[in-house]
1. Give me 100, 148, 122, 77 ranked fewest to most by other Cβ atoms within 10 Å of their Cβ, as a rough exposure proxy.
2. Name all residues of the stretch 149-178 having a backbone nitrogen under 19 Å from the label point set 7 Å from the Cα of residue 86 along its Cα→Cβ direction, giving them as ranges.
3. Between residue 213 and residue 62, what length comes free when the chain is fully extended (0.36 nm per residue of separation minus the Cα-Cα distance, one decimal in nm)?
4. Report the FRET efficiency, 1/(1 + (r/R0)^6), for residue 95 and residue 204, where r is their Cβ-Cβ distance and R0 is 25 Å, rounded to 0.05.
5. Going by C-beta contacts inside 10 Å, put 208, 83, 162 in order with the fewest on the left.
6. So, R0 is 22 Å and r is the distance between the beta-carbons of residue 142 and residue 167; what FRET efficiency does that work out to, to 0.05?
7. Neighbour counts of other C-beta atoms within 10 Å: give me 62, 136 arranged from fewest to most.
Amino acid sequence: MTEQTQIETEAQPDSRPTPAAPAQKGGLSRFAGMSVVASVALPMLAAYIIFYTGVGMPTDTVNQGELLRPAQDLAEINLLADDGNAVDLATQEPKWRYLIVGGEDCAGECEKLLYTTRQVHIRLGEKSRRVERLLVTGAPLTELRHRILADQHPKLRFTTSDQQKLDEWLADSDHAQLKRPSALLVDQQGYAMMVYDNTHNGNQLLKDIKRLLKYSYEK
C-alpha cells in the first residue's frame, strides 16, 4: 500500500506555474528607439534640404510673401552699423528679422514699407521681442533724415551695405534683380528666405510671421 501511494504521488504532474522566459527587450527597445528617432529626424532633414536648396519646393504654398529660392546666408554680405562697425547677427540673439532694403534716403515708397513693417511689429504684441527690423541703405542717412526716421521708428536699426554687393549676393537666387524697396524676411539662423514689397499689405506680413513664430523655437 505504501509503495502504491508513493508511485501515484511521483506520477502526479507539478502543479506549480512554470516561470515565463525572460523577454528579449534589448533588441526590440533599440529598434523602437531608432524608429522614433528616424520618424523625427528624417522629416526635419527633408524639410531642411527643401527649404535651403529649393529642391522639391511646391510652387503653390500658403505663404503670403514670395519665397526666396534658395535661401541666402546673411553672413555673406557686409552690414555696417551707424558707427561703422560690422553687424554680426550670428553673435546676437536669434530673432526673425526684416531686412528693409531702401533707397539712399528711404523716402516715399521706402518710408511706406517701413510703416507697414512697424505696424506688423506692433501687432505681434508680446511676440514682438522675437522680431527685429533693420533698414539697409547704400550710404549713411543725413543726420536730419536719420533723426526723423528714428523718431518715427524707435526700434529700427540703421545699417548700410554696398548695393552692388547686395545684388551680387542675390545673383544666384530667383530674386536676382531685387526691386527697391523690398523687405527680406530673415530666419533665426540668419538666412533670408522670403521677400515682400509694397504690393503686400500688413495683414499678409502678419499672417506669415505669426505662423513662423508659432512653429519656430524660442530661446
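1. The most exposed by this proxy come first: 122, 148, 77, 100.
2. 158-170
3. 52.8 nm
4. On the way: r = 20 Å, r/R0 = 0.82.
That gives a FRET efficiency of 0.75.
5. Working: 208 20, 83 5, 162 14.
By the 10 Å Cβ count, ascending: 83, 162, 208.
6. The computed FRET efficiency comes out at 0.35.
7. 62, 136
Here, each number is a calculation from the coordinates, and none is a lab measurement. This is a predicted model, so every value here is computed, not measured. Please note: Cβ atoms are built from the backbone with ideal geometry, for glycine as well, and neighbour counts cover all protein chains shown.
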